[in-house]
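Report on one structure; see the data block that follows.
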Amino acid sequence: MRINPSILAADFANVESELARIDGADFVHVDVMDNHFVPNLTFGPQMVGRIQATSPVPLDVHLMIDEPERWAPEYAELGAASVTFHLEAATEPIALARRLRAIGARAGLAVKPATQIEGLFDVLDEFDQILVMTVEPGFGGQSFMPETMPKLRLLADEARSRGSSIWLQVDGGISESTIAQAAEAGADTFVAGSAVFGAADPDAAISALRASAVRHHQH
């Protein structure tokens, strides 16, 4: 069970010390937004490069951007361990995933809450991770959408039946109260923002989230 705190919930004026507070995490989740694909603007390659240079844990970059074919490889080249782009924005998702893997990153594919996933079943092996968004992408601090759980369960069952080792990630409104639902539906990788960075002891929050996920996960 992987816990990936979202830097979006950190204090941007003190990124280095904020990163040091989550050295018990598996990855740090970095949300890149372009103000086109989503109505918010966060950071680009320069900032992500600095996070890469100072983070005690590997980077899990989530690109909420248009034209991922044009921009995603740069994040893999910066050294991000995982680069996730959106199915809704990609024109050639399989070709892009292969390119990311060739550079040396894990290739992730994200889907918005309303996006159907049945078309992905036959190509699961092309990706290392599927991110099922549990809020509409764009802003942190939103409420978890339980109506996304049937889709996650479907993916988990399909991955199991095919013997796939793909990671199933959830992002949006993940806290101690919602992580159990996501783990029960088959998620094994969890993005948490305010639940970690808003805690007095972020590493203790990470441990509590991980323990809850382990307790509820459906094998």
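Readers should treat all values here as calculations from the given coordinates under stated rules, not as data from a laboratory. A quick note: this is a predicted structure, and the numbers were derived from the prediction, not measured. Positions of Cβ are generated from backbone atoms using ideal geometry, with glycine treated the same way; all protein chains shown enter the neighbour counts.
Points to keep in mind about this one:
- The relative contact order of the chain, computed from alpha carbon pairs under 8 Å that lie at least 6 residues apart in sequence, is 21 percent.
- Looking at the chain, the DSSP beta bridges with both ends there are about 5 percent antiparallel.
- Cα gyration tensor category, rounded, prolate or oblate, for the stretch 1-71 with a/c compared to 1.5: prolate
- Whole-Å distance, taken between Cα centres, linking the stretch 5-47 and the stretch 145-183: 23
- Calculated [222 nm] ellipticity per residue, helices only, for the chain: -10000 deg cm²/dmol; basis is -39500 (n - 2.57) per DSSP H run with n ≥ 4, divided by all residues, nearest 500.
- The stretch 1-31 residues near the modelled Thr54 label - backbone nitrogen below 13 Å, point 7 Å along Cα→Cβ: 10-22
- Computed about the Cα centre, the dipole magnitude for the chain is approximately 360 debye when only Lys and Arg (+1) and Asp and Glu (-1) carry charge, each at its Cβ.
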